[in-house]
Amino acid sequence: GEDVEQSLFLSVREGDSSVINCTYTDSSSTYLYWYKQEPGAGLQLLTYIFSNMDMKQDQRLTVLLNKKDKHLSLRIADTQTGDSAIYFCAEYKAAGNKLTFGGGTRVLVKP
Amino acid sequence: EAGVAQSPRYKIIEKRQSVAFWCNPISGHATLYWYQQILGQGPKLLIQFQNNGVVDDSQLPKDRFSAERLKGVDSTLKIQPAKLEDSAVYLCASSLAPRGGYTFGSGTRLTVV
């Protein structure tokens, strides 16, 4: 199976909170990342969390990490129409210096 | 700081033709990556360079794909001959140091017909 898994789609109303979930398989991952991809664009690094942390907050973004369950989530507070994009989680493994991406979650923000 | 530059933005070729993509990473970034992103999927690593040496090319279809990074700066990725299943966006990324905080270019969208 895939190393990193995400749900395909999330629809949310403007102003509400969005929660995007991700599961990974490698407990040796040292960093976990969230990237955003808008149509026709490359991937933009949003935030990351080190594996010895369980939460990180950065303005409207909150990352939660459950290492026991290998579960990562990204919460976007006060979701705006500009947040409509595909969000990828990725795990970084120091062995091999490799970043492995999930399949992406398409977030649609409705006015 | 200038970003990662890629060209061309779009390319349409017939199957069995050849194509080349170019990437100019952020100045000073030692590590350069080429990813393939098929529509509806996450990016998949093709090859990783550290300066001008290949670190990982285990996922590169070497019978048709090749890449080089001369002088540890710019890089080119070539496909020869192209197949229909090579239709994808090819993303270049660079990083100053390991850990995964890569900066991506806008990608080259390849359509093979």
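Of the residues making up the stretch A:95-111, those that are within 18 Å of B:Gln59 (Cα to Cα) and part of a loop (DSSP other than H, G, I, E, B) are A:Ala95, A:Gly96, A:Asn97, A:Gly102, A:Gly103. In summary, strands (runs of 3 or more DSSP E) completely within the stretch A:1-73 and bearing 1 or more residues that are without any contact (Cβ under 8 Å) to a residue 40 or more places away in the chain occur at A:43-50, A:55-58, A:61-66.
Taking the stretch B:9-44 as the search range and keeping residues that are among the hydroxyl-bearing types (Ser, Thr, Tyr) and within 11 Å of chain A (Cβ to nearest Cβ), which one is farthest from B:Val73 (Cα to Cα)? Looking at the filtered set, the residue picked out is B:Tyr10. Pick from A:Leu108, A:Leu72, A:Leu32: which is of a type in the set (A, V, I, L, M), over 17 Å from B:Lys44 (Cβ atoms) and surrounded by fewer than 21 Cβ atoms within 10 Å (Cβ to Cβ)? Selected residue: A:Leu108, the only one of A:Leu108, A:Leu72, A:Leu32 that is of a type in the set (A, V, I, L, M), over 17 Å from B:Lys44 (Cβ atoms) and surrounded by fewer than 21 Cβ atoms within 10 Å (Cβ to Cβ). Kindly indicate whether A:Tyr87 is more than 9 Å from chain B (Cβ to nearest Cβ), crowded, with 16+ Cβ neighbours inside 10 Å, in contact with a Gly (Cβ under 7 Å, 6 or more places away or on another chain) and among the hydroxyl-bearing types (Ser, Thr, Tyr). Considered against the rule, which asks whether it is more than 9 Å from chain B (Cβ to nearest Cβ), crowded, with 16+ Cβ neighbours inside 10 Å, in contact with a Gly (Cβ under 7 Å, 6 or more places away or on another chain) and among the hydroxyl-bearing types (Ser, Thr, Tyr), A:Tyr87 comes out as yes.
Tallying residues that are in a strand (DSSP E or B) and of a type in the set (Ser, Thr, Tyr) within the stretch B:1-60 yields 5. The set of residues in the stretch B:81-113 that are within 14 Å of another protein chain (Cβ to nearest Cβ), in a loop (DSSP other than H, G, I, E, B) and among the polar types (S, T, N, Q) contains only B:Ser106.
Please pick out the residue among B:Gln80, B:Gln59, B:Gln48, B:Gln37 that is surrounded by 14 or more Cβ atoms within 10 Å (Cβ to Cβ) and modelled with pLDDT of 95 or more.
Values: B:Gln80 fails: surrounded by 14 or more Cβ atoms within 10 Å (Cβ to Cβ); B:Gln59 fails: modelled with pLDDT of 95 or more; B:Gln48 fails: modelled with pLDDT of 95 or more.
Answer to the selection: B:Gln37.
The values are calculated or read from the model by the stated rules, or taken from the named source; none is laboratory data. As the structure is a computational prediction, the values presented were derived from the model and not from experiment. Positions of Cβ are backbone-derived with ideal geometry, glycine not excepted, and every protein chain shown enters the neighbour counts.
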